[in-house]
Amino acid sequence: MIRCFALLVFVSLASAKELLVTDAKALAAAIKQAKPGDSIVLSAGDWVDTQIRFQGEGTKDQPITLKAATAGKTIITGESRIQVSGHHLIVEGLWFRDPLQASGEVIEMRTDYDALAFHCTIRNCAVTSSKKIDLGKKTSRFCSLYGSDNMIEHCHFEGKNTGGTTVVVWLTPGGEGRHLINGNYFGQRPALGENGGETIRIGDSKTHDQNAKCEVTSNLFEHCNGEGEIISVKSCENRLTYNTFIECEGALTLRHTHRCLVEGNLFSGNHNKNAGGIRIVGEDHVVRNNWIENCDGDEYRCAITFMNGIFETDDSGYQQVKRTLLEGNTVLGCKFSLLIGKQYRKNCTAPPIDCMIRNNTFISPDNQLIELRTEAPGWKWENNVMLGKSIGIEGLPGVVLVKPALSRPKELTRADTGTAWMP
């Protein structure tokens, strides 16, 4: 922590105030007395072992803001964390560098079990780790979202090497999250070697039938190799759109979920043998206009994998795939383009049914395009381009053998995502 006397300065900004603080004591006092429209400004320098409880009641037009004096120059280290609860609060420009994570959360959108965050924003912040942290059997999160209608935008998350999801959405019973995760950079995460290394998880097994209505859009995922699920969706009616995945050893996974939209995402594997695309479980999903190229993952990490389900499964099992619309996707140069009927265990005998596969392009000249491991009752195939060593299903209807003109979507870069100040 900065070693100087407590300083609290009030600068008039019409009816709002700007409160400059230089240590934890002054910060706590400023938070306590902040009113709608006020800004609390943390001085530049290292803030060590600082526990921030940012509670307040702003308004839509006059939020309360807690920010760095200069974005990226307020560096929060050691056993530090921030907890946020209340309405219309903004956290901006802070850098949590090499957090020790023993508390379990670095950024937590609640200050107590029943004191949650609503309409709050984490913006232009970073959580990065360059050191190996040993938590034993404990897990940690860089960011946990509670409450509803919160936003994580243009933040930078990189280097997490402990068990636990990088960013996780927790749902209250019967409540919708409606969170927005937008324009962030998710950098290198090494393989954990076990379950629990997702980069984003929305919900959990207990909430798999609950509508979360969260949106993950326009983010860049680069070398996110924590486990086989880069994004794990365990709640319903979420939107995963226009994200870019670069050499990530896993797949965007609709794990326990129904009625999700997966649209406009770009997956570039550079022929990494563990790089995948989209894995599908559950009912009534729309998977359209995604671009998947040079991903050489197999089984759970094929370019597109339809899982077999379990009849009458419990909360932790695999729901049967029903009525997926797979439309307008482009799969190029992948070793395993489309797998239908992947079994997790022997009891996964419920095949994917009643799916529509139309206007997709599958091109991989040296490889079989489709592997069908189960019956596919009620499937319809229309106007799909299939150019490969073989199609894999004899007499498949709706196949076009003429290569179309293709236009690769824009690949998001570091300049498009993450913080404006780049840690």
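Summing charges over neighbours of residue 163, with a neighbour being any other residue whose Cβ is under 12 Å away from its Cβ, gives +1 when K and R count +1 and D and E count -1. Each part reduced to its alpha carbon centroid, the stretch 270-289 and the stretch 73-105 end up 33 Å apart. Contact order for the chain, expressed relative to its length and based on alpha carbon pairs under 8 Å spaced 6+ residues apart, stands at 8 percent.
How far, in degrees from 0 to 90, does helix 24-33 lean away from the longest principal axis of the Cα atoms of the chain, to the nearest 10? Here the helix axis deviates by roughly 90 degrees.
Which of the peptides 43-52, 373-382 is most tightly packed, and how do the rest follow, going by the mean number of other Cβ atoms within 10 Å of each residue? Don't skip to the answer; put the middle values down first.
Numbers: 43-52: 16.9, 373-382: 14.9.
Top to bottom by mean Cβ count within 10 Å: 43-52, 373-382.
From Cα pairs below 8 angstrom and at least 6 apart in sequence, can you work out the relative contact order of the stretch 143-275, rounded to a whole percent?
On the way: 400 pairs, mean separation 27.9, N = 133.
Worked out over the stretch 143-275, it gives 21 percent.
Show log10 I(q)/I(0) for the stretch 94-197 at q = 0.13, 0.24 Å⁻¹, two decimals, from a solvent-free Debye sum over equal Cα scatterers. Calculated log10 I(q)/I(0) at the listed q: -0.46, -1.37. Sorted on the mean count of surrounding Cβ atoms within 10 Å across their residues, most packed first, peptides 201-214, 276-289 read 276-289, 201-214. Matching the structure-derived P(r) over Cα pairs in 10 Å bins from 0, in percent against the labelled list (i) 5, 22, 30, 21, 13, 7, 2, 0; (ii) 4, 13, 14, 8, 4, 4, 3, 3, 4, 4, 3, 3, 3, 4, 5, 6, 6, 5, 3, 1, 0, 0; (iii) 5, 21, 29, 25, 16, 6, 0 gives the label (i). The Rg/Rh ratio for the stretch 154-400, using Cα coordinates for both the radius of gyration and the Kirkwood hydrodynamic radius, is 0.95.
Cβ under 13 Å from residue 180's Cβ, residue 180 left aside: what net charge do those residues give with Lys, Arg +1 and Asp, Glu -1?
My count for the surroundings of residue 180 gives 0.
Work out the length of the dipole vector of the chain about its Cα centre, built from +1 on the beta-carbon of each Lys and Arg and -1 on the beta-carbon of each Asp and Glu, and round it to the nearest 20 debye.
Values: 46 positive and 49 negative charges, 82 e Å.
The dipole of the chain has a size of about 400 debye.
Rounded to the nearest whole Hz, the Karplus-based 3J(HN,Hα) values (6.51 cos²θ - 1.76 cosθ + 1.60, θ = phi - 60°) of the stretch 210-222 follow the sequence 9, 6, 9, 6, 8, 10, 10, 9, 6, 9, 10, 10, 10, with x at glycine and proline.
Counting other beta carbons within 10 Å of each residue's own, what order do 386, 307, 422, 356 fall into, fewest first?
Numbers: 386 23, 307 27, 422 11, 356 16.
Final ranking by Cβ density, sparse to dense: 422, 356, 386, 307.
Between residue 346 and residue 358, the contour length at 0.36 nm per residue exceeds the Cα-Cα span by 1.3 nm.
Per DSSP helix of 4 or more residues, -39500 (n - 2.57); summed, then divided by the residues of the chain. What does that give at 222 nm, rounded to the nearest 500?
Values: 1 runs with 10 residues, N = 423.
Counting only the DSSP helices, I get -500 deg cm²/dmol.
The residues 186, 96, when put in order of fewest to most other Cβ atoms within 10 Å, stand as 96, 186. Cβ-to-Cβ counts within 10 Å put 325, 254, 27, 401 in ascending order as 401, 325, 27, 254, the fewest first.
Throughout, read-outs are computed from the coordinates displayed, never taken from laboratory work. Just so it is clear, the model here is predicted, and its values are computed rather than measured. When we count neighbours, we look across all protein chains shown, and the Cβ atoms used for this are built from the backbone with ideal geometry, even at glycine.
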